[in-house]
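Only one structure is covered here, and it is reproduced in the block below.
The values are calculated or read from the model by the stated rules, or taken from the named source; none is laboratory data. Here the structure is a predicted model, which means the values were calculated and not measured. When we count neighbours, we look across all protein chains shown, and the Cβ atoms used for this are built from the backbone with ideal geometry, even at glycine. When the accessible area is computed, the model is the full protein with side chains, heavy atoms only, and any ligands, DNA or RNA have been set aside. Shrake-Rupley method; radii C 1.70, N 1.55, O 1.52, S 1.80 Å.
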Amino acid sequence: MRAWGAGALPDLGPAAVRRECAPDCPGRPGTPGTPAPPGRFLARAAAVTALLTAAGSLCGLLRDQMLAQLFGAGRDTDAFLVAWTVPETAATLLIEDAMALLLIPAFGHALSARAAASDEARTWPADDARTWPADARDPVRALLAATLPRLLGALACGSALLALGAPVVVRLLAPGLPDPAPAVACTRLTALTVLTFGTAGYLGAALRAHRSFAAPAAIYVAYNAGILGTTLALHSAWGVRAAAAGVAFGGVLMVLVQLPACVRQLPLHVRQLPTGVRQLPGRVRRLPGRDGRLRRAIRPRTSRPPLLGLALLAPVVCFTLSRQSQVLVERFLGSSLPAGALSHLNYAQKVAQLPMVLSLMLCTVTFPVMARAVADGETARAGRRVERDLTLAGLVVLLGGAYVGACAPQIVALLFQRGAFTAADTAATASVLRVYALGLLGHSLVGALIRPFFAAARPTWYPAAAMAGGLLITVVAGAYAVRWWGAHGIVAANAAGITVTALLLLHGLGARVPALDVRRVAAGLGRLVLAAAVAAAVGGPLAATVAAPLPGAAAGALLVPAVFAGTALAVRAPEARQLLLAVRAFEVRRLLLAVKGKLAHVR
């Protein structure tokens, strides 16, 4: 046993605690060890995340353009898209939703335990001697040791079972395919993503909990780069299977791009507690020391993570699978439509996802902050953070949805109409894209609303029940609508189901977060919806007067935001007014700095 006697106790003052917590968490003045990153840190993290997310989305567009040019919108592409369901589901379950919802709060509690123990050790009297067990470990490393090896084993088994059962999976996902053999071959290749995506999601959640956002945000750049390179190199020999091999290789790159940051940030090789960081105190008792005096010894609490049990895991997994099942319903219903329908749905969905991804960037950065605030008992601050995230996400996604709805033909033609992707494919995809735009607000709100429900790391089945209700609407409405409206009916049912889910989650969250004013949030979002509808109705016909795709899309990029901003200010949407004031303040500050520089130069 290692003992610290009088005069040997390490410095655990506020400065030392802040040093020890870095880079885990930048300390807050007055409350050592409690992570509340200042606005400047959040702005930098959001900027880095936005830049890398935009780069990943751009690579994703290049990937889709390449697939459209090489394979068009026919049977081969439909077969690949059935196999594409595997990484889509794995990304939602293992990277974006379930893994983050489970692990970020768990790591937040572990970091809070580390900070609380450091605070308690700082209060020890100078002449107090405590004996610590030699195997006392950092709570964060204890969480890693208890979860990561088991997770890797389970993911490896899942990948192997999926590869073996690929024929059954293809029959379940798309029973209407005339020739399932290409889809089976592609599914066996994409099965590796269960292992790689799960590992990448675990590492990304741990890094974000430690306030490291660059590497997790770069995973889709690496992923899409792997798909692009592999497909270009092998498509002449392997056909559409080259794209599936690229998906498998891109998943490996997702893990590799995060490993350097994990080695730097996570306590992977630390066996003892770092200097100044203590295990959470357990029961205190007195034991005789070598000199005969009674010394207080602390028996550390168990290092088993109590936050990742089945009671918490089950509702998160059920919610995530229900949400991803909307895509499965589209694939299932669309497989009975004429060849190319699945491809039109896929390309339209990829374009429609861009505004949604951009709207959720801030939520990705602030979720670890919210989870740590809940772990520290600061529920009011967490509630205010949720309200700001919802309004900003709604502003971004509605502006993007208005532009997508207004300029859908120009966007699709500019991005995909080349090679095997014809003008008829452009028209079909653009019409589906406009229907997709109706559900973008619901998708964005569901992504933002689900985080507060699980930030406290407590079991709750309400989100899963709300998502199940929305999924039921999607299935029933889609089964009837596909008979009369084809792909458009499938997408409309999707929009209806996800919108109902968002309304249910918003209502349920208001009863759980006292600081969240649901009526104020709903009223602000309603004004923004009106502004988006007016912007799409006005900007669409004006952009259509320009024949060429590039000038038409550029004209819409100028007209739609202008009409949106004018309408939002006219209906007094508070979010638009605050954004305008922030822009004006930035311009005034930049002008003052320029004047100051000129005066200094004159002097």
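Taking 7 Å steps out from each Cα toward its Cβ at LEU569 and ALA479 produces label points 5.1 nm apart. Measuring nothing but protein heavy atoms, the accessible surface of segment 304-455 at 1.4 Å probe radius is 68 percent carbon and sulfur.
Each label point was placed 7 Å from the Cα along the Cα-to-Cβ direction; for ALA511 and SER336 their separation is 3.7 nm. Of interest is the spacing of the C-alpha centroids, which for segment 534-574 and segment 205-231 amounts to 33 Å. Place a point 7 Å from the Cα of ALA54 along the Cα-to-Cβ direction; which residues of segment 379-405 have their backbone N under 18 Å from it? Answer for segment 379-405: 393, 395-401, 403-404.
Heavy-atom accessible surface of THR499, to the nearest 10 Å², is about 50 Å², with a 1.4 Å probe and all protein chains retained. If the chain linking VAL168 and SER236 were pulled fully straight, counting 0.36 nm for each residue of separation and taking away their Cα-Cα distance, it would gain 21.6 nm.
Can you give me the % of accessible surface on segment 502-547 that is carbon or sulfur? Probe 1.4 Å, all protein chains present, nothing else counted. Ligands and nucleic acids excluded, carbon and sulfur give 68 percent.
Think of a 1.4 Å ball rolled over the protein heavy atoms: segment 138-281 then has 39 Å² of accessible area per residue.
Taking label points 7 Å from Cα along the Cα-to-Cβ direction, LEU61 and ALA160 give a separation of 4.3 nm. Looking at segment 511-572, the trypsin sites (Lys or Arg not before Pro) that sit in a DSSP loop and have at most 15 other Cβ atoms within 10 Å of their own Cβ are ARG572. Within the shell defined by Cβ-Cβ distances under 12 Å, the residues around MET356 carry a net charge of 0, with Lys and Arg each +1 and Asp and Glu each -1. Classified by the C-alpha gyration tensor, segment 362-498 has an oblate form. Its axis ratio a/c, with a ≥ b ≥ c, is 1.5 or above, and a/b does not exceed b/c.
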